[in-house]
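The values are calculated or read from the model by the stated rules, or taken from the named source; none is laboratory data. Note that this is a predicted model, so its numbers are computed, not measured. Please note: Cβ atoms are built from the backbone with ideal geometry, for glycine as well, and neighbour counts cover all protein chains shown. Just the protein is used for accessible areas: all its heavy atoms, side chains included, with ligands, DNA and RNA removed. Shrake-Rupley method; radii C 1.70, N 1.55, O 1.52, S 1.80 Å.
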Amino acid sequence: MSNISDWFAPLARRALYVWVRATAFAESSPGIDPAKPVCYVLQDRHLSNLLVLFEESKRAGLPPAEAPLAFGTASSNRSFFFLNRSRGLGSTAPRTMETSPLLAELVRAVVADPALDVQLVPVVILWGRSPDNQESILKALLAETWRAPGVLRQFLAVLLHGRQTMVRFNAPLSLNELVHGGGSSLPEATALHKVSRVLRVHFRRQREMAIGPDLSHRNTQVETIISGDTVRAATAAEAERLQIPLGEAQGRARKFALEIASDYSYGVVRALELFLRWLWEHLYDGIELHNFEALTRIAPGQGIVYVPCHRSHIDYLLLSYLIHKNGLTPPHIAAGANLNMPLVGALLRRGGAFFLRRSFKGEPLYAAVFHEYLHLMLARGFPIEYFIEGGRSRTGRTLAPKAGILGMTVQSFVRSHARPLVFVPVYIGYERIVEGPTYVRELAGRPKQGESLWQLFMAARHIRRVFGKVHVNFGEPLPLAEYLDAHHANWREAADDESLRRLTRAAAFTLATRINETAVINPVNLVALGILATPRFTADASGLQRLIAHYQAIDAAAPYSPRRISCGLTPEAVLAHAERLGIVERIAHPLGDLLRVPEAQVPLLGYFRNNVLHLFVLPALIACLLGNIRNVDATRLLGAVRGIQRLMGAELFLRWSVDELPVEMGRIITVFAERGLLRHSEDSTHLNAPETYSQEFDELHLIGETLRPTLGRHFLALSLLQERGSGTMTRRQLEGDCHLLAQRLSMLGGFSSAEVTDRSAFSVLVTNLLDSELLKEDEAGRLQFDQHLVEPLAYSELVLPADARQAIRRMAAMPVQAA
């Protein structure tokens, strides 16, 4: 192949590209030094690969691969070599580890001259792995695999997948650093072996990025799991516990492993990609991807655990689709056993899903098998995805994380940490949600329906297919080893169970906080923030535009996080977009158009407001204070915000520490002042609200109203504790009584049910109070507290109007009958 004539290569390349369409990727910082010679490295020896390299290096503006290569006093008539070689172009013999003569010459030259350097650029070419359009499920089922292709298979690959070819130019490797790195030069034979090994590892990692690790057959995985020491010990214990023969216990272990394990098929993944692309085109106006480049920087050689928020069954389908479409391996997804249905379960399993029961209670052998399976997948470097919230959020807020599978992941890494492991938080934001009506019914008190993909597709049938856009934003990665080093320095040598539980809880809170930091503000979020604060969910169109402009100004000048994504539409365009989606309806009026929320959309809009409430919680709290007391000095304002923030911090996973609040508040106060929402006193010691009957005061009041349901829920719980006294209630009683009283308050017109009566919100609040040690449980499970707990009640008069405070006190004083 090295003697390709000057006329044959261009002619063959033009003939190949009559059919072939390739998508080329180059790493963000290739760092090619034009002053140093460049040599490309291909993994497998195929003419088609070489011709693609010639064409794509030219199109990418890189040094031509077919050009002669001069290095030191030596030269070559080509600038490429193959890492894996065969006996010839027409041979059917397997590829061998025979060293490329050109690579040997390059190493010999660099060993002889330490000042010489050659840049080796590995090039990965995958036939049938392009993120561009696919047209045939049959082609998908016959796509790229780990098996090295022969001549016939390569010909079929070009024929079937030539229009879906992916080419990745990787960052150059310095041959001089490989040979002379570390301060000592290597002998020629050792250096050649090292360079070859580094290149093979590099290609393997790149292929793992694209199509996943080379997993053994599923039955082999199962045998590996049940033969492990941990599972063998658990099997023996199971036989003794149930008084059954050891062989029967081993059969139970094997059954559990088969119930759990995925049966990954890359062809099925490709076929699913085609179906999902069709589905997205019919459901959404578009899918916006943000900050994906952060993911591509960490992928090679590291294990990845994707940790997205959980809003819909669409989440895991969407995330896997986007990861695969952008050239990386789709993750293995932890799916609930309720999705392991006939046909659907088998399809999901071959698409990479592995299944787990909601509870391991009473099944120690099942727990041991699942632990071992998860450890096997992490140790082999396969990307994993799971939802730390456990279930889908029915209210739009990020739910309190569950420690289960996250704790297993931490334990697995402590057990074996040869491969670095990185958590990647992901925010998924919708403008309309397929399961919306179901969520509304459940928040209204109806029994929760079992989760299934069938219900998702049935819901999609009965909803008008106008779902707007979807936004997916990748957050700041969390390397687990660095996190453990910072919080438990000797975790490698000594990490007891209690330490691991504490570390897991802290990591869960950090991941949930990072998910919230990456929130995306869409038009529906902005409309929900503005119009739900109005008394009858109806607003003057121009006034609502001004309110939306305030939120956008706050986000621009005092952003919650640099990783959040702003809405780039004008307020007018925001409203037009919401009208098109049926979120609001316009009512023409001679004195100016009005916008009204249709009755069925009111609870759904609460969901979308809650998606981004944490981004504006501090402006809303300041607006509450100013709107109620009109004049406040800076010290009192800071004290009130600090006191209330302690209650809201865990529920909304706020990113600020108490020490950061003064700076954050200062930025928001500056924005408020610039927009006429507050005035400084002459001596600059006090903040004053606008005149009572001014438009600016009305807008300040509406900004504060977005936080009223959350504040009402918190003060209801504290009032109930104060009324009953310390040591009189268990956690379960407190959560249940709060839930019942909130329902009653909602029915009497205090707050809407979807905003304040969600029982899980009270559970999060109680967990926060326990974690901060404002509440303590005694041996009998009764809640103990002192006056420090109810101190925030003193701030209720600053942020809630009198009628709301009186209603909460009445509810707290009511006796609650046991159901």
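Below, the figures for the structure above:
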quantity	calculated
Selection status of residue 549, in contact with a Phe, Trp or Tyr (Cβ under 8 Å, 6 or more places away or on another chain), part of a helix (DSSP H, G or I) and of a type in the set (Gly, Ala, Ser)	no
Residue match in segment 411-431 (condition: within 23 Å of residue 321 (Cα to Cα), open to solvent by less than 70 Å² (accessible area, probe 1.4 Å), out of contact with any helix residue (DSSP H, G or I) (no Cβ under 7 Å at 6 or more places or on another chain) and at pLDDT 75 or above)	yes
Residue under evaluation residue 186, criteria (1) open to solvent by 30 Å² or more (accessible area, probe 1.4 Å); (2) in contact with a helix residue (DSSP H, G or I) (Cβ under 7 Å, 6 or more places away or on another chain); (3) modelled with pLDDT under 90; (4) more than 26 Å from residue 38 (Cβ to Cβ), criterion not met	(4)
In segment 213-265, the residues that are polar (S, T, N, Q) and in a helix (DSSP H, G or I)	219, 220, 221, 224, 230, 235, 250
Only one of 482, 517 that is of a type in the set (Asp, Glu), modelled with pLDDT of 90 or more and crowded, with 16+ Cβ neighbours inside 10 Å	517
Of all residues making up segment 278-300, the number that are in contact with a helix residue (DSSP H, G or I) (Cβ under 7 Å, 6 or more places away or on another chain), open to solvent by 30 Å² or more (accessible area, probe 1.4 Å) and modelled with pLDDT under 85	1
Where a residue in segment 273-296 is within 12 Å of residue 324 (Cα to Cα) and in contact (Cβ under 8 Å) with a residue 24 or more places away in the chain and its partner, wherever it lies, is assigned to a helix (DSSP H, G or I) and open to solvent by 60 Å² or more (accessible area, probe 1.4 Å), with Cβ under 7 Å and at least six apart	273/325; 274/137
From the options 167, 158, residue that is at pLDDT 80 or above, crowded, with 19+ Cβ neighbours inside 10 Å and not in a helix (DSSP H, G or I)	167
Leading residue by the ranking (surrounded by the most Cβ atoms within 10 Å (Cβ to Cβ)) among those in segment 547-586 that are without any contact (Cβ under 8 Å) to a residue 24 or more places away in the chain and hydrophobic (A, V, I, L, M, F, W, C)	549
Of residues in segment 630-685 being more than 21 Å from residue 559 (Cα to Cα) and open to solvent by less than 20 Å² (accessible area, probe 1.4 Å), the one farthest from the chain's Cα centre (by Cα)	632
Residue in segment 256-277 that is out of contact with any helix residue (DSSP H, G or I) (no Cβ under 9 Å at 6 or more places or on another chain) and open to solvent by 70 Å² or more (accessible area, probe 1.4 Å) present	no
Qualifying positions in segment 44-78 - in a strand (DSSP E or B) and either of a type outside the set (A, V, I, L, M) or open to solvent by 50 Å² or more (accessible area, probe 1.4 Å) (or both)	44, 70, 71, 75, 76
Test: residue in segment 35-43 that is at pLDDT 85 or above and either assigned to a helix (DSSP H, G or I) or surrounded by fewer than 15 Cβ atoms within 10 Å (Cβ to Cβ) (or both)	yes
Scope segment 649-663; condition in contact (Cβ under 8 Å) with a residue 12 or more places away in the chain and more than 16 Å from residue 613 (Cα to Cα); matching residues	658, 661, 662
Failed condition for residue 180, given (1) open to solvent by less than 20 Å² (accessible area, probe 1.4 Å); (2) in contact with a Pro (Cβ under 9 Å, 6 or more places away or on another chain)	(1)
Failed condition for residue 218, given (1) modelled with pLDDT of 70 or more; (2) open to solvent by less than 30 Å² (accessible area, probe 1.4 Å); (3) touching an Asp or Glu at 6+ places or on another chain (Cβ under 6 Å); (4) not small (Gly, Ala, Ser)	(2)
Residue selected from segment 526-546 under the condition open to solvent by 20 Å² or more (accessible area, probe 1.4 Å) and among the hydroxyl-bearing types (Ser, Thr, Tyr), by the criterion farthest from residue 583 (Cα to Cα)	542
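Residues checked against (1) more than 33 Å from the chain's Cα centre (by Cα); (2) within 23 Å of residue 650 (Cα to Cα):
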position: 692; (1), (2): yes, no
position: 696; (1), (2): yes, no
position: 704; (1), (2): no, yes
position: 715; (1), (2): no, yes
position: 726; (1), (2): yes, yes
position: 729; (1), (2): yes, yes
position: 735; (1), (2): no, yes
